Each structure stands twice: as structure tokens, then as C-alpha cells.
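In what follows, a structure is listed as C-alpha cells, so that the remarks can point back to it.
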Amino acid sequence: MFSLNENLISKIIERTLPSFQNVDLNSLNLGFGYIFYSFTRTLRPQNIIVIGSKAGFSPVMFGLGMKDNEGTGVGKIRCYETNNIKDTVGKLYFIDPSYDIESNDDNHWFGIGYWTNPEQVKALWTEFGLEDVVSHFKMTSKEFVEDAACPSEIELIYIDGDHSYDGMMEDINQYYPKLKKDGMVILHDVDPRIKDLLENGGGNEVYETINLSRFEKIRLPVFPGIAILIKR
């Protein structure tokens, strides 16, 4: 299944602004969204953790990838087809405490409080056919990792919550034991110029100090920056 037609792409971009994800409505360019979608289609994960989103761009893009997979796990790879190991659609756990810059919430990191109204949240997932794929947990990533709902094994983690060095490192370290071998972590806002926008943003420092005995790493040189880590 492939759902990314022109109408859907336009709706994703318009509906999830502001996203800060290298998107462009005029050219229907999903920017980093293509990375989120394509990695999900390729890896076919059972469980994805998404930490933080202004208005839903990242959980929608990862979620559509899971929905379009129509199953999980990479089975036997042939020249013209690759089977799923399971026919059940994977699950996306979206973590965001809905901190709001307008309310002067501590640690808001320019969040807009989008996730406070449960009916609004439910309507977003339903609009994109993701109500059975995405679940929102209105809590911090530190709280969720101890929650009974947190899966024991994770194939892909997207980190875009607390942008401080300590906060991003904490997310990597606290979810590391649950990340499967060869599992992927995607970090947002890791460009060296990010300090020009976020004075306390620690994304680039996090990337530069990643423990290479634990992860392979690569950074895409497109502002505000995406880094990809693979667990060894």
C-alpha cells in the first residue's frame, strides 16, 4: 500500500504546521518526512517511539509508514518481493507532555500545547486513518519509560523533545536497553548552527559525543539537522 498522493501530502503539510521539518507546501515537499516514512517502510518495525512534536508531523509520517506496511518484520527477501514476518500493523507510541510556550511552561522548547485536548488529538489520528496505529501519552519520556505501556523492545526511536544536551542524552540512555540490536535512533535539531536558533540546544554536542562503541552514526547536513544512530 502507498498512500502518499498529492492530496494527502498537501493535507499533511497544512494540517501539521508549524513543523520545522524542511517541508514546502508549494512544491509538495515533505522534507524530513520522506526520511521518517521511508525508514519505516524499509525497517517494518513492530514498535516505534516518537518523543515530541509541535503539531503532529513526525507521528503522522511514521504512522503512515506503519499503516502502509500492512505488517511488521522483514521476511524473506526475493528479487521482486519481500514478505512481512507478521501481518499485524505495528504500534507507534507518541510521547509529549504538551508543554506550551504561551503558558510559559518550564522546558517547553517552543511547544504549542497542541496535545492538551484529547478530542483534538483523537481527531488528528482519525483524519489520517491512524487511530489504530498511534497512541499519545501525555507525559515526559522519563515517565513513559517506566510506564507499563512502554514496550520492552523497540526498533525505531525519534527524539525531538527536550533539546538540551542533558535531556537528549537522557532520552538516548534511558531507552537504549529497550532498543533492539541494529535498532535506529533519529535525532532532530543536530546541525552545528542550531545554537543560532536554540541558545541552549545541545543537539550537535550530543551527536559529536555519541559513544561509537554503542552506535554507528551519520548526520545529514540540512538545517536544522537530522542524525541517524544504529545500535551496534
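Number of residues in the range 122-156 that are basic (Lys, Arg) and not in a loop (DSSP other than H, G, I, E, B): the value is 2. For first residues located in the range 218-232 and on the phi < 0 side of the Ramachandran plot and touching a residue at least 60 places away in the same chain (Cβ under 8 Å), partners that are assigned to a loop (DSSP other than H, G, I, E, B) and among the hydroxyl-bearing types (Ser, Thr, Tyr) and lie 6+ apart or on another chain with Cβ distances below 8 Å do not occur. Taking residues in the range 186-209 that are of a type in the set (Lys, Arg), and partners anywhere that are part of a helix (DSSP H, G or I), the pairs with Cβ atoms closer than 9 Å and at least 6 places apart or on different chains are Arg193/Asn204; Lys195/Asn204.
Taking the criterion of being of a type outside the set (A, V, I, L, M) and free of Cβ contacts under 8 Å to residues at least 24 places away in the same chain, the residues of the range 144-158 that qualify are Glu146, Asp147. Here's a check for you: in the range 1-33, which residue that is closer than 12 Å to Phe57 by Cβ and among the aromatic types (Phe, Trp, Tyr) is nearest to the chain's Cα centre (by Cα)? Result: Phe32.
So, of the residues in the range 12-53 that are in contact (Cβ under 8 Å) with a residue 40 or more places away in the chain and basic (Lys, Arg), which turns out to be surrounded by the fewest Cβ atoms within 10 Å (Cβ to Cβ)? Result: Arg15. Taken together, the criteria place Gly111 among residues that are at pLDDT below 95, under 26 Å from Lys11 (Cβ atoms) and not hydrophobic (A, V, I, L, M, F, W, C). If you go through the range 202-227 and keep only what is polar (S, T, N, Q) and part of a helix (DSSP H, G or I), you end up with just Asn204. Among what's in the range 183-201 and is acidic (Asp, Glu) and either at pLDDT 95 or above or assigned to a loop (DSSP other than H, G, I, E, B) (or both), pick the residue that is surrounded by the fewest Cβ atoms within 10 Å (Cβ to Cβ). Out of the qualifying residues, it is Glu199. Taken across the range 148-157, residues that are crowded, with 16+ Cβ neighbours inside 10 Å, out of contact with any His (no Cβ under 8 Å at 6 or more places or on another chain), charged (D, E, K, R) and within 26 Å of Ile228 (Cα to Cα) do occur, with at least one present. Quick one: in the range 202-232, of everything that is among the small types (Gly, Ala, Ser) and closer than 18 Å to Phe39 by Cβ, which residue is modelled with the lowest pLDDT? Going through the qualifying residues, I end up with Gly225.
The values are calculated or read from the model by the stated rules, or taken from the named source; none is laboratory data. Computed from a prediction, not measured in an experiment: that's the story for all the values here. Cβ sites come from the backbone with ideal geometry, for glycine too, and all protein chains shown count toward neighbours.
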